[in-house]
Amino acid sequence: MKDFNQFNQLKNVEQKIFELKKIIEKWNQDYYQNNNPSVDDYFYDQKLKELIELEEKYPQFKTDDSPTQNVGGEASKGFKKVKHNIRSMFSLKNAFNQGDLIHFDEQIKKILNLDTYTYVIEPKIDGLSISLNYRNGKLFQAITRGDGKIGEDVTKNCYLFENLPTTIKIKEEIDLRGEVYISIDQFDLLNQKRMLENEKLIQEKKKILPLFANPRNLASGTLRHLDSDIVKGRKLNLFIFQALSAAKKSDYWDSQIETLNELQKLNFPINENNIHLNNINEVISKIDDISKIREKLNYEIDGIVIKVNEYKYHKLIGYTSKFPKWAIAYKFPTEIKKTKLLNIFPTVGRTGKITYNAKLERVNILGTNVERATLHNADYIKSLDIRIGSYVYVKKAGEIIPKVISIFSLQDNEKNNRWAESTNCPSCNSKLIRFEGEVDQYCLNTNCIGRIIESLNHFVSKKGMDIEGLSKRQIETLYNKKLIINIFDIYNLKNKREELLNLERYQEKSVNNILNSIEKSKKNNLNQLIFALGIRNIGEKAALDLARKYQSIFKIKELNLEELNDFNDFGEVRAKSITEWFKNPLNLKLINDLDNLGVNLKYIGETIDKSNRLYNHNILVTGTIEDANRENIKNYLKDLGANYKSAPTKNLDYLFVGENFSQAKVNKIKEISNAKIIYVSKLSEIK
Ligand SMILES: [Zn+2]
């Protein structure tokens, strides 16, 4: 009997392993070959981990074709396949908690039998790995990761990167490795652009283009795009984190931190959040810090990579069949739990966009009670066939809003009725509109109470005017009492002191706090105000760029579409949003009212963005620039805080070469200086 049970149990394990292999292979194919991930990353990692553990426990069922035996992703067809010559591209083992990190460190300590090693941590960019081969100081070949041994030759497209130097001062053959990505700002902008294009296509009765799903997929699709104009327009970026010498068949420098510093000196893009640390405890505490700033970064990260800094130890520490043992990828904590979906309800945002939310049976995820999760839009709910009353999986990742990621089982789901989307605004009951080509539904009623409350809430929010003491609930109360129905009323509230004190739960002290906070906000900087106004497509960064450049809201008001379009990287979508906003007489009145109330409408402080790479560097421009004369160029560089040079000097940092340039002159500058040479045709390309 005992034998029989054991036999049965083994049969079950074998079946389980078989199923895991099958599903992971399918996911791999979707991810690597089709560039279309069909499963949540965390879920994938969990299942892979489960398979690895089962195979370790029952090695008799481990086969050579198991997805645990190769990294996943053969090179796709369409691009030339090329071998990674100097060294294969490894993937890293994952760590999911502090325990995994401590175990990782203990293993290293055991092997080395010393503790003089240190660590370097780097944000794990959610992009695509690439290997760049330089020969004789020039970019020779760029290869995607592929299966780690063979990738695709995407050299042509790498010349179109935003921030990749195509020359290097090192003459011997070297491989630089890094991660390609598209910034979140750029991703949003490309989708906005696509919506504009779709409007035109609809008018012409043509088929519309789908929106991009996420920055990672977009970067992947772009890197392997065959049309170089499209690649250029999408603006790929990358971070470099490794340099390998062909002669040595190993790292070019001696440590990770030296590699990062030297690459930075050579003008290669290095992530600003890389840190050199003494031990694993420092690593653990820094990871916490980085996870807190995660949402502020302009690129997506899904964890932190931890590497032993000193390369001399790497060989000693060694490799498993799949991973290096001197590095590990810590994944930000994420947890998935099963619970019952009690209801689906829509909410309206300040732009009128409808978001669907799930009311859940209370469940504890990552230590907090979760009763609500996002369902995004109607398409999302329908594509996952989520139904009220069904059991669902809910995922929580750090501080990010919990999200329903799938139904629990088809059988359970079928017991309930199919869900139907709302047709009317949950706040004002207007009929909801869906623009063709967009997945979201909108309430277009500008007098919609839900939208007004959200706009006011945005205005007083921390990133906006930062008015303390006015929560969304209080705004609702004050709105219902007709004390605040628009932005002007917020600043007029001090004249309604008596009415405030008559309200329930409003004491002298809390009223004073609110009024003081409102007064204080009048001195806020212009960029805060611009952001707070909630102009479509104008986020924090765009608000700051505008404020810095134009200094006063009255100047911004006077700008036309063309001027805004030409301004740096602003683009037509944002330019249009700004001009439209200032066309509305109500908005013009608001600006005048704010001025009369004494709200600051000028930019205070540093006018130069010191993070631009030309800042404080010596620049020479030779040849002709299509849309600018010498004087324009001079002023443009002055605005960037760069030093304009009219003649070659040996301290030159950048040489921008326009059309019809003299090769002799360029050669001469190459001889006397180490300037980085960049070929451009338009003024905006000088950056
Ligand atoms: Zn409405």
Residue check for residue 320: surrounded by fewer than 17 Cβ atoms within 10 Å (Cβ to Cβ) and of a type in the set (Ser, Thr, Tyr):
yes
Within the stretch 330-355, restricting attention to residues that are within 16 Å of the ligand (Cβ to nearest atom), assigned to a strand (DSSP E or B) and not hydrophobic (A, V, I, L, M, F, W, C), which residue is nearest to residue 301 (Cα to Cα)?
355
Determine, yes or no, whether residue 510 is within 16 Å of the ligand (Cβ to nearest atom) and not in a loop (DSSP other than H, G, I, E, B).
no
Taking the stretch 554-586 as the region of interest, how many residues are touching a residue at least 40 places away in the same chain (Cβ under 8 Å), surrounded by 14 or more Cβ atoms within 10 Å (Cβ to Cβ) and of a type outside the set (D, E, K, R)?
6
Members of the stretch 626-669 that are in a strand (DSSP E or B) and open to solvent by less than 50 Å² (accessible area, probe 1.4 Å)
628, 654, 655, 656, 657
Given the conditions (1) under 23 Å from residue 655 (Cβ atoms); (2) over 20 Å from the mean Cα position of the chain (by Cα), and given that residue 133 satisfies all but one, which numbered condition is not satisfied?
(1)
Has the stretch 395-407 got any residue that is farther than 27 Å from residue 352 by Cβ, away from the ligand (no atom under 16 Å from the Cβ), surrounded by fewer than 16 Cβ atoms within 10 Å (Cβ to Cβ) and not small (Gly, Ala, Ser)?
no
In contact with a Ser or Thr (Cβ under 9 Å, 6 or more places away or on another chain), assigned by TED's automatic domain parsing to the domain that holds residue 479 and open to solvent by less than 80 Å² (accessible area, probe 1.4 Å): does that describe residue 377?
no
Among the residues of the stretch 103-121, the number that are without any contact (Cβ under 8 Å) to a residue 24 or more places away in the chain and either more than 36 Å from the chain's Cα centre (by Cα) or surrounded by 16 or more Cβ atoms within 10 Å (Cβ to Cβ) (or both) is 3
Of (1) closer than 23 Å to residue 485 by Cα; (2) more than 16 Å from the ligand (Cβ to nearest atom); (3) surrounded by 16 or more Cβ atoms within 10 Å (Cβ to Cβ); (4) not aliphatic (A, V, I, L, M), residue 471 satisfies every one except (3)
Can you name every residue in the stretch 513-553 that is touching a residue at least 60 places away in the same chain (Cβ under 8 Å) and not in a helix (DSSP H, G or I)?
522, 523, 524, 525, 533, 534, 536, 537, 539
Inside the stretch 419-454, the number of residues satisfying the requirement of being loosely packed, with under 15 Cβ neighbours inside 10 Å, within 9 Å of the ligand (Cβ to nearest atom), modelled with pLDDT of 95 or more and in a loop (DSSP other than H, G, I, E, B) is 1
Condition first: outside any loop (DSSP other than H, G, I, E, B) and open to solvent by 30 Å² or more (accessible area, probe 1.4 Å). Now tell me which residues in the stretch 201-216 satisfy that.
201, 202, 203
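The values are calculated or read from the model by the stated rules, or taken from the named source; none is laboratory data. Because the structure is predicted, anything quoted here is derived from the model rather than measured. Quick reminder, even Gly has a Cβ in these numbers, built from the backbone with ideal geometry, and neighbours come from all protein chains shown. Remember, those area values only see protein heavy atoms, side chains included, never the ligands or the DNA or RNA. Shrake-Rupley method; radii C 1.70, N 1.55, O 1.52, S 1.80 Å.
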